[in-house]
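*Asks:* The following block contains the structure, expressed as structure tokens.
The values are calculated or read from the model by the stated rules, or taken from the named source; none is laboratory data. The shown structure was predicted, so the numbers you read here are calculated from the model rather than taken from an experiment. So basically every Cβ, Gly included, is an ideal-geometry build from the backbone, and we count neighbours across all protein chains shown. In case anyone asks, the SASA skips ligands and DNA or RNA and just uses the protein heavy atoms, side chains included. Shrake-Rupley method; radii C 1.70, N 1.55, O 1.52, S 1.80 Å.
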Amino acid sequence: MKKVYLILAAAAGMTLASCTTNDYVGEEKNVGSYVDDGSIKFGFDTENMTRADIAGVAAADLLGKNFYVAGTKGTEGTANPSPDIVFDNYLVHFETNTAGTTESNTANWEYVGITPGTAPVADYPKLSPASITAQTIKYWDYSTAQYDFLAFSTGTYKPVTGTPTTGQIGVTAMKYGAGLAGSAVAYTFTLPNVDALKQTYVTDIVKVTKANYGKEVTLRFKYLGSKVRMGIYETVPGYSVKDVVFYSEDGLNTIYKGTATSGTSNEAAKSATATLISGNSGGLPTNGTIQVIFPHVGTSKATEADYNKVAGHVTPGTSSEAYHGFGTLSNFAAAEKSEPTGNVYLGRTLPTATFAGDSKVEYFDVMFPITSTAPLTLRVDFTLVSIDGSKEEIKVYGAKAVVPSTYLNWLPNYAYTYIFKISDNTNGWTSPIATDPAGLFPITFDAVVAEATDATGEQTTVTTVATPSITTYQQGHTYKTNEYSKTTAKDIYVQVMDNSTLTATLVDDLSATNSLLYEIAIPSGSSVTETEAAVMDALEKRTATLTGATNVTGRNGLALTKSSAIDNTVTSIINDVTDEPITVAAGEAAKITIASLTAGKSYAYVYDYTSGSKTEVEEFQPITPGTSAVGETGKTYYTLTTATLGGITATTAADEAPNSAYIYFSKISDGAATPTYTYSYVSVIGKTKLPAGLIKVAKSSLTSSVAGNAAPVAGTFYFDKYFSNNGKYAVKVIKIVA
């Protein structure tokens, strides 16, 4: 079974398995009694077994001790397998301790003399045509070029040719040879429920050439269903995540938010069961008909990745589910530092993601294959727990991530893993009140010393940012090696979901920069970390203007170097499942060229959905100068002297609104006859009204500057200049490993 992994970064912060694909084969042959008499036998070759294979009685039990086989011989055509019929829907039966008792049986599997509808296969219908009056022995024909075999089993369910009831699966006879050309329907299953799907096994077309005549025919059975699982991990600095609660509906105010004054919500839509919500109007099928096909057969298709491979098309029945529950989360992480102990926290890295469901089957659920045109949505509540030992908790409501429909084409016998990332750039609410803002906001402090209550005292927050979900995908990537691998030599693809709509305007243009890739660098000695929120802070608060800026250095010190390794013009995504490309419209996907990236480095994919409409404001951040140098060597700092402040007469009126063209100072007299004044910088971030009497200094007048290595001068304020903008950015940090 192929495995596909997707990483989903909900700009809420919130990127496929195990019950590893077992291929089911027959029991090991009894070498002592093996005689090559030229008859065709079914079993398995021990040399070709893998660790995942199940053989012998265990395999027979899973297959219900029976399977149907079709086999042909001849010369392979350009559009079909070999044409001449040998086995026309023969029923093959398993009986313990019978190996070697007949010419046609060396592995306890027998077809000669087996008569469907009579003991020991009384519950199995005859699928061969009326012209086949008995199942007789077959011998290898060395005058022919090859044989081709295909088979299926209904496991412990009984096959019927009519409408199935409880414990039954509807089947039709298999086509073969030229009948398989042009993706014709090879045979059909009618499945009353998901449990019946779990009992349905199929094989690819097994081609046997002359070199292998005389050996047992190895038929490797595999699930017809798709395997799907989901996991979550978090990277919120300073906190661990526990108590994740999932929603079964994707409503807005009615589900996870209350009114402007009430915090009540629809608790019936929440549970501990990990849930993905279907965007299909009919939901996800839980019964239906599967038409088995072989899309690529014949010599003209021999180089295709899925040559002779089985596939299927589902026609949904009347039963479906609007959402699918994968079970409860289980492989939690322990306490990280000083948060309360207990094995209740989400994994903190991609390789340690926390999964939902049964670990015995590596958390996979068997589901009906689908070709979906609608996305899947994850919506959760969770609790942040501080790791500093204070036991402080923050409840986050309604965080959301959306999987684009691009990655919702579930094929038979393939496994899909959907992993969601909760970062510090979350779109959840920390209050269920409808008027409160979404997102996580760091608490910062400012202090003003005053003679009385002063309106300039503040507790400040950063600007609210609404963020879409970002999905990243790399062919052949396994989440257990972290994101993403350089050695795979496979490119990374990116798609952006704005709420439940796939963004179709990914372009790379400096006048409308909305799909960009940056290499991340952290200055030596800096405490800033490579998180989504830190990248967003650098994008919003830069040391240089937006105009013409290719690279970005944030006020926080994070350096973002624009990379040319991104291509926003791709119209297909390389797919791990079939090696067939997934077609997308221009502007719906970006490709990051892995060959241009460096192992050990981190990159930031940035989707800027304000493009050229941002408003930029010049800002001056006061610094405390050092004893021998103003600041960092190589930087420029702007100055303002107390003498200059003493000559400014412009002051604020009571309740005046802050003006982005000014910075503000308080002026306090020492009360002497000839007073001496003390000046203090006043931050106005987040304020809507100012007290009277603050000095207003025009930012345009701050033109004097000194080098960072200059000696500080008394009576001088020093400012680190930066530029803030009101851009809205979605960010996904991508770590490259060897």
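*Asks:* With θ set to phi - 60° and the Karplus curve 6.51 cos²θ - 1.76 cosθ + 1.60, what are the ³J(HN,Hα) couplings of the range 58-65 in order, to the nearest whole Hz, using x for Gly and Pro?
*Replies:* The phi angles translate into 4, 5, 4, 4, 4, 8, x, 6 Hz.
*Asks:* Something else about it: Please list the equivalent ellipsoid semi-axes of the range 131-235, computed as the square roots of five times the alpha-carbon gyration tensor eigenvalues, in descending order and whole angstrom.
*Replies:* 31, 21, 13
*Asks:* May I pose another question? Per-residue counts of other Cβ atoms within 10 Å, averaged by peptide: what ranking do you get for 527-538, 321-332, highest first?
*Replies:* The densest-packed peptide leads the list: 527-538, 321-332.
*Asks:* What spacing in nm lies between the two simple spin-label points modelled at S564 and T481, each 7 Å away from Cα in the Cβ direction?
*Replies:* 2.8 nm
*Asks:* Given 0.36 nm per residue, what is the gain on full extension from A211 to S338 after removing their alpha carbon distance, in nm?
*Replies:* So the chain would gain 39.2 nm between A211 and S338.
*Asks:* Right, next: Heads up, I need the accessible area for W410: 1.4 angstrom probe, whole protein in place, Å², nearest 10.
*Replies:* 10 Å²
*Asks:* Can you list the lysines whose alpha carbon is less than 16 Å from that of K635, not counting same-chain residues fewer than 8 positions off?
*Replies:* By straight Cα distance, K635 reaches K721.
*Asks:* With r defined as the distance between the Cβ atoms of T352 and A544 and R0 fixed at 56 Å, what FRET efficiency is calculated, to the nearest 0.05?
*Replies:* 0.90
*Asks:* Viscosity 1.567 mPa s, temperature 4 °C: Stokes-Einstein D of the range 69-109 from its Kirkwood Cα radius, in µm² per second?
*Replies:* After rounding, the answer is 108 µm²/s.
*Asks:* So which lysines pass the test for K270, namely a Cα distance under 23 Å, with those fewer than 8 places away in the same chain ruled out?
*Replies:* Excluding near neighbours in sequence, the set is K242, K257, K395, K400, K421.
*Asks:* How far apart, in nm, are two points set 7 Å out from the Cα along the Cα-to-Cβ line at V57 and at E656?
*Replies:* About 9.3 nm, to one decimal.
*Asks:* Let me ask another. Quick one: length gained pulling T642 to T624 fully straight, 0.36 nm per residue minus the C-alpha distance?
*Replies:* Here the segment from T642 to T624 would lengthen by 4.9 nm.
*Asks:* Return P(r) of the range 310-360 (all Cα-Cα pairs; 5 Å bins starting at 0; whole %; ordered from short to long distances).
*Replies:* With 5 Å bins starting at 0, P(r) equals 4, 15, 16, 15, 12, 11, 9, 8, 4, 4, 1.
*Asks:* Identify the residues of the range 177-207 with backbone N under 20 Å of a label point that sits 7 angstrom from the Cα of S131 along the Cα-to-Cβ direction, or state none.
*Replies:* Within reach of a label on S131, which here means backbone N under 20 Å from a point 7 Å along Cα→Cβ, the range 177-207 contributes 177-181, 186-187.
*Asks:* Calculate the spin-label point distance for T156 paired with A272, positioning each point 7 Å from the Cα along the beta-carbon direction, and give it in nanometres.
*Replies:* 2.8 nm
*Asks:* Between E393 and A672, how high is the FRET efficiency from 1/(1 + (r/R0)^6) when r is the Cβ-Cβ distance and R₀ = 51 Å? Nearest 0.05.
*Replies:* Using R0 = 51 Å, I get an efficiency of 0.45.
*Asks:* Ranked from highest to lowest mean number of other Cβ atoms within 10 Å per residue, what is the order of the peptides 355-366, 191-202?
*Replies:* In decreasing order of mean packing, 355-366, 191-202 become 191-202, 355-366.
*Asks:* Report the Cα centroid-to-centroid distance between the range 69-96 and the range 141-157 in angstrom, as an integer.
*Replies:* Between the Cα centres of the range 69-96 and the range 141-157 lies a distance of 4 Å.
*Asks:* Once the whole set of protein chains is in place, how much accessible area is left on M497, using a 1.4 Å probe, in Å² to the nearest 10?
*Replies:* We get 10 Å² for M497.
*Asks:* Sort the following peptides by mean Cβ neighbour count (other Cβ atoms within 10 Å, averaged over residues), highest first: 334-345, 153-164.
*Replies:* So the peptides 334-345, 153-164, ranked by packing, come out 153-164, 334-345.
*Asks:* Given the Cα-Cα distance of V361 and T118 and 0.36 nm per residue of separation, how much length would full extension add, in nm?
*Replies:* Full extension from V361 to T118 adds 83.8 nm.
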